[in-house]
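I have placed the structure first, in the form of structure tokens, so that the comments after it can refer back to it.
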Amino acid sequence: MEPINILIIDDERVICNGCSLALSDESHLVDIRMTGRAGLDAILKGQYDVVLLDLKLPDLGGMEILSAIRKEKPEVYIIVMTGYSSVQNAVEAMKLGAFDYLAKPFSDDELAIAVEKAVENKRLKEENLSLRQQLSDQFGFSNIIGESPGILKIFEQIQKVAPTDSTVLLCGETGTGKELFARAIHAHSKRAARQFVAVDCSTFSSSLLESELFGHIKGAFTGAVKDKAGIFEIANQGSLFLDEVANLDMGTQAKLLRAMETQEFKPVGGSLLKKSDVRIIAATNRDLKTMVDDGNFREDFFYRLNVFPVFIPPLRERKDDIPRLLYHFLKMYCRQIEKRVDGFSDDALEMLINNDWPGNVRQLKNVVERLVIMADDQILDYRDLTDHWDADRNQNRGSIPETLDELKSVKRHLLENQFGQIERAFLQKALSAAQGNVTQAAKRVGMQRSNFSALMKKHRLSANCTEMTSKCADSMK
Ligand SMILES: Nc1ncnc2c1ncn2[C@@H]1O[C@H](COP(=O)(O)OP(=O)(O)OP(=O)(O)O)[C@@H](O)[C@H]1O
Ligand SMILES: [Mg+2]
């Protein structure tokens, strides 16, 4: 493997020597420059992978160097270091494209972890680039947006598993892209030219689902006026996407398990076995292992599905993908709606990045669609968003959903609202039992203080259970 080239730019010799000592080994080559100009010069002429950059240098400003590197050598990973550790500096540096931030003094371990993270990210990005290149020649992965390490890892996993016939289990919250990835797996498999059939296991009763999956013969039940082929037969040599697999009842699980093991099945009401060669891709937003432990899911079927699990992280855990997704959907809807909107103001972007996105990418996509429809200006700002959140909150009161997506969104809203109220009451009860002492209240309910106060902040509650002012909320950060 090629060694990693690291450059340290700092005017303090002890920092340079300390970092160099901590990082140098056979796989890391470390250079030092002690002024901004010399550092910038070295970067422009050299081939560095990672730069550790002090923000306060005697000649050139750290931010100036940062901007210059981003412009001239965007592939270099920059980790900024500063003794003036303020959140503001970190935010500024990250905005200008720094990869990470180390506040002095930092330990050797913190330094090594930051550098390793950068190297891992770079490696994944490069691998993904060549992978994308290879795949886009055939089918294109370009409709899946994401370059966060979590998503890059999934691309890597999918590339490996797609060409095999192994069962894949996609796990992730609603709207994270399970179906999108399932289609990508099919598209990159040797079955790509055959059918991809998706079955939502939550929308059928068990008897109807069995007849959908395995087909039925004439007279099998009232209304079965002729033989009907099932999905297993239709998807022969293709892929079958079992969506929301947690909703299958035990009986159907047993029948599916048998069909998967033997590649044979019997249509409902029939006695003859039929053969089918189907690759199963399953998806769930529930924790199947816990369901097995609770006796609500067959253990044997779980292990049959869990051959190659792929976990898709929720959007709030890969926030660096949010701007890319926002601009992707913005372009898409501008094209569709034939409207010109150029982008988002800084405060709008910040608000969107900081949002929790319980409905993940689907919710983000819907928000952008609505914003584009409503936009009066070419830049979407904070006010457009506040209007949107208000409308979103009032939505679904009394209106009957018309599509499955809308139904899911209503369900999510109702659960969130109801759960939110319970969560708030829970905090209030704990606080009042502890006479407003947050540490005591957290202890009583078995939570860490930091998590408890984060929840208080979410509900804008102060220790005496009254509505928190924003100043008070800030002081809890
Ligand atoms: N990384 C992504 N890039 C682009 N579009 C995405 C991405 N992830 C999800 N989407 C889009 O978001 C929407 C929801 O994705 P998808 O239906 O695959 O989610 P899901 O995990 O199957 O959700 P559910 O559990 O609710 O069925 C789709 O319109 C999909 O195209
Ligand atoms: Mg889905």
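The values are calculated or read from the model by the stated rules, or taken from the named source; none is laboratory data. Source: prediction; values computed, not measured. Counting neighbours? That spans all protein chains shown, and the Cβs are built from the backbone with ideal geometry, glycine included. The area values use the complete protein model at the heavy-atom level, side chains included, leaving out ligands, DNA and RNA. Shrake-Rupley method; radii C 1.70, N 1.55, O 1.52, S 1.80 Å.
What's the number of the condition Ser239 fails, among (1) touching a residue at least 40 places away in the same chain (Cβ under 8 Å); (2) under 27 Å from Leu407 (Cβ atoms); (3) more than 16 Å from ligand 1 (Cβ to nearest atom)?
Status for Ser239: all satisfied but (3).
Looking only at residues in the range 18-36 that are more than 33 Å from the chain's Cα centre (by Cα) and loosely packed, with under 14 Cβ neighbours inside 10 Å, which one is modelled with the highest pLDDT?
Leu21
Could you please find all residues in the range 61-77 being open to solvent by less than 20 Å² (accessible area, probe 1.4 Å) and over 31 Å from the mean Cα position of the chain (by Cα)?
Gly62, Ile65
Hey, does the range 167-177 have a residue that's among the β-branched types (Val, Ile, Thr), over 21 Å from the mean Cα position of the chain (by Cα), at pLDDT 95 or above and more than 12 Å from ligand 1 (Cβ to nearest atom)?
Among the residues of the range 167-177, at least one is among the β-branched types (Val, Ile, Thr), over 21 Å from the mean Cα position of the chain (by Cα), at pLDDT 95 or above and more than 12 Å from ligand 1 (Cβ to nearest atom), which makes the answer yes.
Within the group Asp11, Asp54, Asp49, which residue is modelled with pLDDT of 90 or more and open to solvent by less than 10 Å² (accessible area, probe 1.4 Å)?
Asp54
Of all strands (runs of 3 or more DSSP E) completely enclosed by the range 231-342, which ones contain at least 1 residues that are acidic (Asp, Glu) and buried (at least 18 other Cβ atoms within 10 Å of the Cβ)?
Because the criterion is at least 1 residues that are acidic (Asp, Glu) and buried (at least 18 other Cβ atoms within 10 Å of the Cβ), the strands (runs of 3 or more DSSP E) in the range 231-342 that meet it are 239-243.
Of the residues Asn394, Asn451, only one is at pLDDT 75 or above and surrounded by fewer than 13 Cβ atoms within 10 Å (Cβ to Cβ); which?
Asn451
Give the number of residues within the range 190-210 that are crowded, with 21+ Cβ neighbours inside 10 Å and not hydrophobic (A, V, I, L, M, F, W, C).
So the count comes out to 2.
Could you list, in sequence order, the residues of the range 275-291 that are in contact with a strand residue (DSSP E or B) (Cβ under 8 Å, 6 or more places away or on another chain) and within 15 Å of Ile231 (Cβ to Cβ)?
The answer is Lys275, Ser276, Val278, Arg279, Ile280, Ile281, Ala282.
Do you know which of the residues in the range 145-188 that are of a type in the set (Asp, Glu) and outside any helix (DSSP H, G or I) is nearest to ligand 2 (Cβ to nearest atom)?
Checking each candidate, the answer is Glu173.
Is the range 193-213 home to any residue that is in contact (Cβ under 8 Å) with a residue 60 or more places away in the chain, more than 14 Å from ligand 2 (Cβ to nearest atom) and under 30 Å from Ile144 (Cα atoms)?
Looking for residues that are in contact (Cβ under 8 Å) with a residue 60 or more places away in the chain, more than 14 Å from ligand 2 (Cβ to nearest atom) and under 30 Å from Ile144 (Cα atoms), one finds none in the range 193-213, hence no.
Sort out which residues of the range 1-17 are touching a residue at least 60 places away in the same chain (Cβ under 8 Å) and under 35 Å from the mean Cα position of the chain (by Cα), and write them in order of number.
Hits for the range 1-17 are Ile4, Ile6.
Checking the conditions here, which among Glu92, Glu126 is outside the structural domain of Leu180 (by TED's automatic domain parsing), among the acidic types (Asp, Glu), modelled with pLDDT under 90 and surrounded by fewer than 14 Cβ atoms within 10 Å (Cβ to Cβ)? Spell out the reasoning first.
Details: Glu92 fails: surrounded by fewer than 14 Cβ atoms within 10 Å (Cβ to Cβ).
Answer to the check: Glu126.
Could you tell me how many of the residues in the range 225-272 are small (Gly, Ala, Ser) and touching a Lys or Arg at 6+ places or on another chain (Cβ under 6 Å)?
3
Sort through Val87, Val80 and tell me the only one that's open to solvent by less than 50 Å² (accessible area, probe 1.4 Å), at pLDDT below 95 and closer than 22 Å to Leu349 by Cβ.
None of the other options fit; the residue is Val80.
Enumerate the pairs (first residue in the range 175-186 and aromatic (Phe, Trp, Tyr); second residue anywhere and more than 8 Å from ligand 1 (Cβ to nearest atom)) with beta-carbon separation below 8 Å, excluding pairs fewer than 6 apart on the same chain, so at least 6 apart or on different chains.
Correct list of pairs: Phe181/Ile154; Phe181/Ile158; Phe181/Val310.
Going by the structure shown, is Glu317 more than 18 Å from the chain's Cα centre (by Cα) and among the charged types (D, E, K, R)?
No, not satisfied.
Evaluate the following for Ile151: is it among the hydrophobic types (A, V, I, L, M, F, W, C) and open to solvent by less than 50 Å² (accessible area, probe 1.4 Å)?
So Ile151 passes the test.
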